[in-house]
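Report on the following structure.
The values are calculated or read from the model by the stated rules, or taken from the named source; none is laboratory data. This is a predicted model, so every value here is computed, not measured. Using ideal geometry, Cβ is built from the backbone for each residue, glycine included, and neighbour counts are taken over all protein chains shown.
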Amino acid sequence: MSDVAVTWAKAQECRDAKGNRDRNAKDVLKTIAAWADAQGEVWAAVPVLALECEVSERTVQRGLRALKGMGLLIETGEKKVYLGRVYPIYRMPLETGHASTIRRLRAEREAEAWGDTGVTPRASDGVTPASPHDDTGVTPRGDTGVTQIGKEITQGLKPSSQARACAAACEAWATKAPERVAPRPVERAWLTAVERSGLGGEQLLSAVLAAVGRDPDFGRGKAMNLDRWLDEGRYEAWLSSEPVAAPAAGSAIWAGPAEVATTVAAAMGPAAVASYLNRAGWDGGRSVIIAATTVAAERLRDGAGSALRAIGVRVEHGISGSAQHG
């Protein structure tokens, strides 16, 4: 059982093709999530699901089809035989969507705080109805010194710099994962990231381009939603003065044993060596990879943790410069 998968499942919004809430699909998702492992992989016997959801097997099968259509369950191609029946093994895309209900609530409240509520004031309230994206004379989120610029760009983005950088980031992300780009949420997350980090638009765009160009998750179909990537500060791992076109593999740059680089490349692909390993340090006395960021440490553990443990190597987060090389 994975608490991460259960928490993730509870936060997802299940809607059918017409935009209506699919409560049956949501019940099936929450139930099947209780059986998932830490990577989100899960198989489920339809009769057991039907019993736990207190519905018919046909209703469960309909829910599973709906979840696959929503992209909340992905068939891995592997099968499980149970009591003479064959069931597919699914993967839950834990890297997409909201990680928890709390984060979903926070994101929705932030969106409302920006005025994008879609609610028109009643005439009896004594106010004049106005579009949330028109010039209402209201400064968004307090005195931030930013100007509303129209319907297509969030109020806080200046067209001369931030808006262009944000648009370029969306275009770059869409070249690899178009289904993971929602312009309105990305615009909100972009401004929040700029305000929180103090970075310029070009610096943040450079981090996006580096991630698109080097992150092996894009090639494995595990790219995150761009707005969530920004909200969680994932850009920090990609902030660098180095050009985006970095070497794809770099065992000569990696300070530790070549066996470690070979193991990571076999488990995650050569791009992972350049993205996560080359910037890490090596503690030879303890056989520990000292990842440069928490994000890099998480990615190495998730993608190559079992393979690294097989050769007696662990992953920690710290300052690579303090590692003992040997």
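Would you be able to say whether some residue in the range 162-180 is assigned to a loop (DSSP other than H, G, I, E, B), touching a helix residue (DSSP H, G or I) at 6+ places or on another chain (Cβ under 7 Å), surrounded by fewer than 21 Cβ atoms within 10 Å (Cβ to Cβ) and modelled with pLDDT under 85?
Yes.
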| task | Check the range 9-19 and report whether any residue there is of a type in the set (S, T, N, Q), closer than 30 Å to residue 233 by Cβ, in a loop (DSSP other than H, G, I, E, B) and modelled with pLDDT under 90. | result | no
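Restricting attention to the range 287-307, which residues are hydrophobic (A, V, I, L, M, F, W, C) and either assigned to a strand (DSSP E or B) or closer than 10 Å to residue 264 by Cα (or both)?
288, 289, 290, 291, 300, 304, 307 - these are the residues of the range 287-307 that are hydrophobic (A, V, I, L, M, F, W, C) and either assigned to a strand (DSSP E or B) or closer than 10 Å to residue 264 by Cα (or both).
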| task | Report, by residue number, each residue of the range 70-111 that is surrounded by 13 or more Cβ atoms within 10 Å (Cβ to Cβ) and among the basic types (Lys, Arg). | result | 80, 91, 103, 104, 106
| Taking the range 181-216 as the search range and keeping residues that are part of a loop (DSSP other than H, G, I, E, B) and of a type outside the set (A, V, I, L, M), which one is nearest to residue 109 (Cα to Cα)? | 198
| Among (1) at negative phi; (2) touching a residue at least 60 places away in the same chain (Cβ under 8 Å), which single condition is residue 71 missing? | (1)
| Does residue 52 satisfy the criteria of being touching a Pro at 6+ places or on another chain (Cβ under 8 Å) and either under 16 Å from residue 74 (Cα atoms) or not hydroxyl-bearing (Ser, Thr, Tyr) (or both)? | no
| request: Taking residue 271 as the residue in question, decide whether it is in a helix (DSSP H, G or I) and at pLDDT below 90. | output: yes
